[in-house]
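We did not get these values from a lab; they are worked out from the coordinates using the rules stated. As the structure is a prediction and not an experimental result, all values here were calculated from the model. All Cβ positions, even for glycine, are placed from backbone atoms using ideal geometry, and neighbour counts span all protein chains on display.
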Amino acid sequence: MNATLSMPGLVVPGLGGSGPGHWQSLWQATMPELRRLEPRDWDAPCREEWLQTLSKALAVSDRPMLVIAHSLGCALLAHWGARSGLGVAAALLVAPADVDSPAHTPAEVRSFAPMPLLRLPFPAVVVASRDDPYVPFARARQFAAAWGCRLVDAGPVGHINADSDLGHWPAGRDILAQLDVAAAADRQLS
């Protein structure tokens, strides 16, 4: 895969942020065009505050950005898409946490409920695992369908995070590269 993207990118981690061994952090270390969303507090997320932080991060670029979201970051992007979607060229939504389910997600994410189930105003791909403790695969499939996204079955790899031991996650980089090419082609047509 080409190590660079055709457009600026924004990494949007979930609850707790993505530590140094997480594929998002590893990608960011090797792809200079990626920036990271920086909310005030990764451990006590507030939907409105995170939306304001996202708005500011997207406004920094003079072009729409490719957003790479994980877990709670996917819920943030779903809320952004339901409100405006401006500034997002396309999104890679990995392991979307089911913020509506107290059985699958912690109380700290409840301010992101209910999960918007509206078609996203930008192209996106959802990648889900068969054994993710934070979202059953059937629920991830429901998110992808509601959002108008292609669903990629990552197999049984947990929450697709550092604990999944994916390293730089080459399969994810391939999906990102395909999304980048498609988004760049869409921009040229419009």
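Summary table
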read-out: Mean Cα-pair separation over length for the chain, i.e. relative contact order, pairs under 8 Å, 6 or more apart, %; value: 22 percent
read-out: Alpha-carbon centroid distance for the pair the range 117-176 / the range 60-114, whole angstrom; value: 12 Å
read-out: Proximal charge balance of His159 [Cβ under 14 Å; K/R count +1, D/E count -1]; value: -3
read-out: Net length gained if the chain between Ala44 and Ala59 were fully extended (0.36 nm per residue, minus Cα distance); value: 3.0 nm
read-out: Contour excess over end-to-end distance, with Cα ends at Ala182 and Arg35 and 0.36 nm allotted per residue; value: 50.8 nm
